[in-house]
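Take a look at the structure set out below.
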């Protein structure tokens, strides 16, 4: 599987077993969060609304009792987005909510040093 996002091993197993589409749905809905998989999701469980009853039941059986961090896959553009939103005066809590990431990650990105400039830029 070729992807620009590094997946935790547990999500690689999910992709291998259920397909990349399931992983994409999980990332779109739960990105940036830890998800705990019950043995069987109860009616109305969030996983059922995201994946459908059959797939949610199968995934929960496969992952039962595990807690997995689901990445959001937004890492390349996030530093610029955080800077842009901070410059508009938004609080970090609001930035985290808008970007679907944790406040801690917003703080980490906002406090990170800017990327180093190349010593020998390419000349065309």
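Bear in mind these aren't lab numbers, they're just calculated from the coordinates by the rules spelled out. What you see is a predicted model, and the numbers here were worked out from it, not measured in a lab. Cβ: placed from backbone, ideal geometry, glycine included. Neighbour counts: every protein chain shown.
Over the stretch 9-70, calculate the relative contact order: mean separation of alpha carbon pairs under 8 Å at least 6 apart, over the residue count, as a percent.
Relative contact order for the stretch 9-70 comes out at 42 percent.
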Legend entry - Packing-based exposure ordering (other Cβ within 10 Å, fewest first) of 88, 17: 88, 17
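Using the Cα gyration tensor of the stretch 9-70, with a ≥ b ≥ c the square roots of its eigenvalues, what is the shape: rounded (a/c below 1.5), prolate (a/b larger than b/c) or oblate (neither)? Intermediate values should be presented prior to the final figure.
Values: a/c = 1.27, a/b = 1.25, b/c = 1.02.
Here the stretch 9-70 falls in the rounded category.
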